[in-house]
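Input: a single structure, listed below in structure tokens.
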Amino acid sequence: ALVFGQMDEPPGTRLRVALSALTMAEYFRDVQNQDVLLFIDNIFRFTQAGSEVSTLLGRMPSAVGYQPNLADEMGLLQERITSTKGRSITSMQAVYVPADDYTDPAPAATFAHLDATTELSREIASRGLYPAIDPLTSTSRILDPQYVGQAHYETAVRVKQILQKNKELQDIIAILGIDELGEEDKIVVARARRIQQFLSQNT
């Protein structure tokens, strides 16, 4: 099933689109007894529509001009995406981050409810690496030895450490060149580049 609201429609209509889609998902889960995969593109439009409705109602805006009940509205939507005894709703949501500011109230209110995030990076894309996923800022609550095993967890942590160290060395490389690095740092950079290639479609 497909539910959509176009940008030229009234904000009240666009605000209800996500809730209507979720009601349909609950019907498939509870009545049809099916597992449901719910795609939301883009969840920021839900927040944006809510902000416009709030303005029309004459409410005093909060930080950065968003509606004062932003967290409540987002919670009302996100907390309905859940499992029952027999079936589940799993949601994948595209999240627009204004000016790449992760402290912006809109994406922050969304991320608080997500179990995992995959960040697409402009900087990685500029190097021609696709998919341009940034492992350092992407997160998952199940990256835990209890769920993925000790070996997998330790490998993931070590990979992140190498990529983080490489990121810290980039300013030095840009100013002085890679030849000015110590041997240990050169090894880190070489490993990081191999990891980046491995995680891309360029391999």
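The values are calculated or read from the model by the stated rules, or taken from the named source; none is laboratory data. Small disclaimer: the values here were computed from a predicted structure and weren't measured. Counting neighbours? That spans all protein chains shown, and the Cβs are built from the backbone with ideal geometry, glycine included.
Can residue 63 be described as surrounded by fewer than 18 Cβ atoms within 10 Å (Cβ to Cβ) and over 30 Å from residue 28 (Cα atoms)?
Considered against the rule, which asks whether it is surrounded by fewer than 18 Cβ atoms within 10 Å (Cβ to Cβ) and over 30 Å from residue 28 (Cα atoms), residue 63 comes out as yes.
What residue, among those in the stretch 91-115 that are farther than 17 Å from residue 63 by Cβ and among the charged types (D, E, K, R), is modelled with the highest pLDDT?
Here the answer is 115.
Could you say whether any residue in the stretch 87-108 is of a type in the set (Ser, Thr, Tyr), touching a residue at least 24 places away in the same chain (Cβ under 8 Å) and not assigned by TED's automatic domain parsing to the domain that holds residue 38?
No; the residues of the stretch 87-108 include none that is of a type in the set (Ser, Thr, Tyr), touching a residue at least 24 places away in the same chain (Cβ under 8 Å) and not assigned by TED's automatic domain parsing to the domain that holds residue 38.
Quick one: in the stretch 165-180, which of the residues that are surrounded by 10 or more Cβ atoms within 10 Å (Cβ to Cβ) and of a type in the set (Val, Ile, Thr) is farthest from the chain's Cα centre (by Cα)?
178
Residues of the stretch 181-203 being exposed (fewer than 11 other Cβ atoms within 10 Å of the Cβ) and of a type in the set (D, E, K, R), which ones?
Those that are exposed (fewer than 11 other Cβ atoms within 10 Å of the Cβ) and of a type in the set (D, E, K, R): 183, 184.
If you take the residues of the stretch 39-78 that are farther than 19 Å from residue 96 by Cα and hydrophobic (A, V, I, L, M, F, W, C), which of them is modelled with the lowest pLDDT?
Here the residue is 60.
Just for the stretch 66-117: of the residues that are out of contact with any Lys or Arg (no Cβ under 9 Å at 6 or more places or on another chain) and among the aromatic types (Phe, Trp, Tyr), which one is farthest from residue 50 (Cα to Cα)?
102
Taking the conditions exactly as written (in a loop (DSSP other than H, G, I, E, B) and touching a Leu at 6+ places or on another chain (Cβ under 9 Å)), does residue 5 satisfy them or not?
yes
How about the stretch 9-44: which of its residues are touching a residue at least 40 places away in the same chain (Cβ under 8 Å), assigned to a helix (DSSP H, G or I) and not acidic (Asp, Glu)?
Answer for the stretch 9-44, where residues must be touching a residue at least 40 places away in the same chain (Cβ under 8 Å), assigned to a helix (DSSP H, G or I) and not acidic (Asp, Glu): 11, 12, 18, 19, 22, 25, 29, 43, 44.
Could you list, in sequence order, all residues of the stretch 27-47 that are buried (at least 18 other Cβ atoms within 10 Å of the Cβ) and within 23 Å of the chain's Cα centre (by Cα)?
36, 38, 40, 43, 44, 45, 46, 47
What's the number of the condition residue 140 fails, among (1) over 30 Å from residue 51 (Cα atoms); (2) at pLDDT 95 or above?
Result: residue 140 passes all but (1).
Tell me which helices (runs of 4 or more DSSP H) are completely within the stretch 73-182 and hold 1 or more residues being within 30 Å of residue 20 (Cβ to Cβ), or say none if there are none.
105-111
Among the numbered conditions (1) outside the structural domain of residue 24 (by TED's automatic domain parsing); (2) out of contact with any Leu (no Cβ under 9 Å at 6 or more places or on another chain); (3) surrounded by fewer than 16 Cβ atoms within 10 Å (Cβ to Cβ), tell me where residue 157 comes up short.
(2)
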